[in-house]
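Some notes on the structure that comes next.
Please treat every number below as a calculation from the coordinates, not as lab data. Nothing here was measured: the structure is a model prediction, and the numbers come from that model. Don't worry about glycine lacking a Cβ; one is built from the backbone with ideal geometry, like all the others, and counts go over all protein chains shown.
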Amino acid sequence: MLRFSTWKLFAIVAMTLAAVLIVAPSMLSASHYEELKSRLPSWLVPPTIVLGLDLQGGSHVMLEVDQADLISTQVKNLRDDVRRILREEKVAITGGIGATARGVQVRVADPEDREKVLPKLRQLRNGFSNALLGGPSPLDVEASPDGLIRVTVTDAGLTDKSRKAVEQSIEVIRRRVDALGTREPSIQRQGDDRVLVQVPGLQDPETLKEILGKTAKLEFRLVAEPGQNPSETEELDQVDQEGKIAVEKTVMVKGEDLTDAQPGFDQQRSGEPVVNFRFNIRGAQAFGEVTSKNVGRLFAIVLDNKVISAPRILTPITGGSGQISGRFTVEQANNLAILLRAGALPAKLNIVEERTVGPGLGQDSIDAGKRAAYVGAGLVVIYMLITYGVFGVFANLALFVHIAFIFAGLVLLGSTLTLPGIAGIVLTIGMAVDSNVLIYERIREENHAGRSILASLDAGFTRAFATIVDSNVTMFVAAAILYFLGTGPVRGFAVSLALGILTTIVTAVTMTRIMIAVWYHYARPTKLPI
Amino acid sequence: MKLLRLAPENTKFPFMRFRRVSYPFSALMSLIAVALFVFRGMNFGIDFAGGTVIELRAKSGAAEVGTLRTIGEGLHLGDIEVQAFGNPADATLRFGLQPGGDVAQQAAVERVRGAVDAYYDLRRVEVVGPRVSNELVQSGTLGVVLSIIAVLTYLWFRFEWQFAIGAVIATMHDLLLTVGFFSITQLEFNTTSIAAILTIVGYSLNETVVVLDRIRENMRKYKKMATAQMVDMSINAVLPRTIMTATTVMLALFALVAFGGQVIRSFSVAMIWGIFVATYSSIFICSPMLIYLGLRNEDADKAAQKHETEHKAETAVSARDEAAAAPANPPTAAEKTPAPSRKATTKRATKTRPA
């Protein structure tokens with residue numbers, strides 16, 4: 001019992017010092033931390049504990065690719081492709097191109113024509129997806145003997161498209177969120193069809209949602225004139241007015257041909273907020289051509305299938321720049337400019353989960369968590385003192401180190417501290433002393449059974465150790481499962497709990513043992529003090 | 001210095017005798033818990049049911065629950081729940097999934113914002129769509145099931161199979177009663193509650209393992225003692241520790257309930273109940289199960305019953321017991337302990353034996 005290796009003592013003292021040094025910067029105020037960072041070499045200053053969104057305030061938004069929208073886009077593209085092939089091969093069909101749930105069908109009566117068309121249709125697979133080499137085909141091409149040909153997007157094809165949409169979306173979303181000027185946003189893919197956006201410390205979460213929820217597909221189209229063929233036009237909603245407006249299906253210029261967009265004010269007339277934009281060369285040419293041919297007509301500025309405004313073309317616009325007005329507020333003009341600069345999302349994304357915590361509530365939660373932790377720790381410390389006296393002091397010292405270890409662990413792992421995480425720490429404060437209690441009670445028992453003090457101390461530590469390991473393993477298993485299945489704040493709880501369980505073995509067992517051995521060496525007690 | 005002792009010293013409670021009361025009682029309680037779960041149901045939070053929670057703080061400093069309810073009902077969002085809590089300026093609004101999918105959910109939040117923006121700050125907005133809530137239900141259930149399987153496996157390796165079964169039955173019991181607790185109190189059940197349940201599972205096993213460890217140790221030491229008596233002795237031996245640990249954890253939890261704030265209150269309250277139940281089940285459910293599962297040689301159990309009813313001379317029974325047990329149980333490590341400790345244990349054995 002009395003002997004312990006010097007290296008063990010040294011290791012524990014070193015670990016404790018290291019833990020305190022690692023945690024200390026996190027306890028400083030932000031300005032002091034910055035000062036420390038500027039004075040010392042950066043590798044010497046450990047990072048501070050990362051607070052979860054529930055503590056520092058912020059938004060957690062999960063976006064999901066809208067499957068219905070994705071399918072309809074794919075079917076539309078497929079229809080264009082099929083029409084192009086039929087035209088190129090000069091093949092006649094009976095009836096039009098029909099729609100199925102996930103594809104198109106055409107009836108080609110002539111068997112020779114069918115033989116000409118089928119290989120071309122099958123080739124569409126290659127362009128559709130780059131998931132080649134043995135993967136399941138993204139397109140199904142079926143031909144029945146009566147001349148009906150069906151082209152269908154398969155599940156594999158859809159998954160592939162949605163995965164690609166997510167990849168491209170992440171880039172677009174990053175550009176949009178960066179434009180908000182927030183610090184350290186996190187944008188991650190989740191599974192095949194989701195993107196998780198986490199933005200800490202946001203003052204105005206509404207704007208974030210505003211710019212995340214929009215596809216921002218901008219199109220310039222001509223407004224239909226009376227008497228135009230209805231199959232070439234469609235009715236679209238208007239943003240600031242009731243009722244629909246008929247516009248041509250053909251798109252003159254698309255948003256992807258924009259090179260820049262900035263919010264501004266209408267200089268000539270009302271002085272209302274507008275968005276000024278510039279086209280690239282292709283866009284400028286196309287726009288100049290169309291506007292020259294159609295002076296006097298209305299053209300519609302269409303964003304996500306809604307008409308923002310439909311001004312009249314007064315003169316040909318050939319300079320490659322223009323202005324969008326639509327009775328915007330300053331904020332709306334700002335947001336639209338951000339969206340146009342960042343580009344359109346490749347598919348429609350829906351918000352399937354949102355958790356937003358305002359900065360005020362976050363600070364309240366930090367305060368509440370701190371208060372609970374201080375009171376909880378205080379109560380436990382007092383209770384240990386009045387129950388175990390000098391041994392209680394040892395347990396409390398170990399508890400202090402235990403808490404330092406947990407926080408150091410959080411810093412080293414870079415994991416976030418959440419409110420449930422604080423609850424986990426408070427809980428492990430209660431549980432950490434359990435190991436001490438097990439040992440102390442065993443020592444008492446052995447002493448009552450007639451053993452000498454030294455023999456009781458020895459038996460207490462050895463016998464209780466197996467129990468401590470067994471009981472902590474079960475708790476650790478629960479924490480581990482929680483970690484792998486939980487999300488966000490709950491994960492934070494699992495991390496603190498698991499860390500707490502690991503460190504308790506070092507602090508409650510090894511540390512207290514050394515302290516008691518040293519105490520015994522100097523005090524030479526004749527009676528067990530517990 | 002006089003130190004505080006919550007647990008009396010050297011207790012000799014005949015815990016095993018209570019099994020005729022505790023088993024029917026616990027069975028009844030578990031049935032009630034299941035019935036509550038089925039008929040009364042749980043107050044599922046938006047994590048599992050989907051829907052929206054908005055926490056508001058009145059700019060004037062006083063939230064008007066009645067007005068908020070009227071405003072909420074005017075927006076036609078289905079069942080809307082308005083609650084005040086803690087601070088008089090705060091209130092929460094909660095409503096379920098909106099027909100029309102994820103887009104409609106966001107639109108509903110916008111309508112609420114528009115309606116209350118002038119008088120209230122939105123401090124917290126949580127919206128969970130139908131697909132996400134289904135996934136959370138799945139992962140939550142999976143977590144609870146997996147943790148039970150994992151722990152069963154660990155205990156099976158580490159202890160005799162009876163111990164593992166006993167521990168799992170005790171854990172299931174705690175789980176059922178915790179679910180019943182959520183149902184009867186209608187505390188909101190969300191992902192943090194799953195964390196509470198898994199922590200309770202962990203704590204329950206922690207308690208159980210401490211008792212089982214001692215039973216195993218004593219089983220090797222006192223081969224001649226009747227099982228029930230040996231189990232009683234073990235529980236009494238660890239009782240001070242059980243009470244001590246439950247108290248410290250409770251102290252920490254009460255601090256969380258009182259000061260930890262609204263978000264983790266239901267977690268802390270559930271944990272307090274869980275600690276209570278876990279402590280009870282480790283003593284009254286798990287340990288008697290060992291006897292029912294025939295932990296020892298059958299002869300020993302018969303002898304134990306005889307001992308309880310007839311108060312026969314113990315020496316004769318024990319001799320028979322040892323003779324019968326000898327071929328079945330090869331000598332264990334505990335038996336090979338050196339002479340002095342052997343002496344100490346026999347001395348204690350006589351001391352703890354009822355007169």
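Taking amide H atoms as placed 1.01 Å from N in the peptide plane, list the residues 5 or more away in sequence, or in a different chain, whose amide H sits under 5 Å from that of A:Leu222.
Counting only residues 5 or more places away or on other chains, the set is A:Glu248, A:Met252, A:Ala300.
For A:Ser309, list long-range residues whose amide hydrogen, built 1.01 Å from N in the peptide plane, is under 5 Å from its own amide hydrogen.
Result for A:Ser309 returns A:Ile301.
Please report the spacing between the Cα centers of the stretch A:492-530 and the stretch B:137-171 in Å, no decimals.
29 Å
Quick one: which residues, 5 or more positions from A:Thr259 or on another chain, have an amide H under 5 Å from its amide H? H modelled 1.01 Å from N in the peptide plane, none for Pro or chain starts.
Here the answer is A:Arg278, A:Phe279, A:Asn280, since their amide H atoms fall under 5 Å of that of A:Thr259.
In whole Hz and in residue order, list the ³J(HN,Hα) couplings for the stretch B:162-178 that follow from phi through the Karplus curve 6.51 cos²θ - 1.76 cosθ + 1.60, θ = phi - 60°; x for Gly and Pro.
With coefficients 6.51, -1.76 and 1.60, one gets 4, 4, 4, 4, x, 5, 5, 5, 4, 5, 4, 4, 5, 4, 4, 5, 5 Hz.
Using the charge dipole of the stretch A:307-357 (Lys, Arg: +1 at Cβ; Asp, Glu: -1 at Cβ; taken about the Cα centre), state which of A:Ser309, A:Ile338, A:Gly319 has its Cα farthest towards the positive end.
The residue sitting farthest along the positive end of the dipole is A:Gly319.
Note down the relative contact order for chain A as a percent, whole number, built from C-alpha pairs under 8 angstrom at least six residues apart.
Computed over chain A, the figure is 18 percent.
Give me the inter-chain shielding for B:261-274: mean count of other chain Cβ atoms within 10 Å, whole number please.
Mean number of neighbouring Cβ atoms from other chains: 4.
In peptide B:44-51, what is the residue-averaged number of other protein chain Cβ atoms found within 10 Å of each Cβ?
Mean partner shielding for this stretch: 1.
Beyond a 24 Å Cα-Cα separation, which of these cross-linked pairs lie in this structure: A:Lys8/A:Lys527; B:Lys12/B:Lys221; A:Lys249/A:Lys293; A:Lys76/A:Lys214; A:Lys209/A:Lys370; A:Lys120/A:Lys217?
A:Lys8/A:Lys527; A:Lys209/A:Lys370; A:Lys120/A:Lys217
Cα centroids of the stretch A:271-316 and the stretch A:44-82: how far apart, whole angstrom?
Taking the Cα centre of the stretch A:44-82 as reference, the centre of the stretch A:271-316 is 31 Å away.
Which ³J(HN,Hα) values, rounded to whole Hz and listed in residue order, are derived for the stretch B:69-80 from phi using the Karplus coefficients 6.51, -1.76 and 1.60 in 6.51 cos²θ - 1.76 cosθ + 1.60 with θ = phi - 60°, glycine and proline given as x?
5, 4, 4, x, 5, x, 8, 6, 10, x, 4, 10
Just flag the GluC sites (Glu not before Pro) in the stretch A:188-272 sitting in loop per DSSP whose Cβ has no more than 10 other Cβ atoms within 10 Å.
Sparse-neighbourhood loop GluC sites (Glu not before Pro): A:Glu242.
Show me the helices of chain A, taken as full DSSP H stretches, that run 15 Å or more along their long axis by Cα and average 1.0 or above in Kyte-Doolittle hydropathy.
A:6-27, A:359-413, A:453-485, A:488-504
Between exposed trypsin sites (Lys or Arg not before Pro) in chain A, where DSSP calls loop and at most 16 other Cβ atoms lie within 10 Å, what's the longest gap?
Longest stretch, sites excluded: A:328-526.
Kindly write out, for the stretch A:213-221 in residue order, the coupling ³J(HN,Hα) from the Karplus curve 6.51 cos²θ - 1.76 cosθ + 1.60 (θ = phi - 60°), rounded to whole Hz, with x marking Gly and Pro.
These are the phi-based 3J(HN,Hα) values: x, 9, 6, 6, 8, 9, 9, 10, 9 Hz.
With charges only on Cβ, +1 for K and R and -1 for D and E, what is the dipole size of the protein assembly as shown about its Cα centre, in debye, rounded to 20?
Value, rounded to 20: 3680 debye.
I'd like the distance between the alpha-carbon centres of the stretch B:6-22 and the stretch B:200-235, rounded to an integer number of Å.
The stretch B:6-22 and the stretch B:200-235 have Cα centres separated by 13 Å.
When the dipole is taken about the Cα centre of the stretch A:31-147, and only Lys, Arg (+1) and Asp, Glu (-1) are charged at their Cβ, what size is it in debye, to the nearest 20?
320 debye
Among B:283-289, B:272-278, how do they line up from the highest to the lowest mean number of other beta-carbon atoms within 10 Å?
B:283-289, B:272-278
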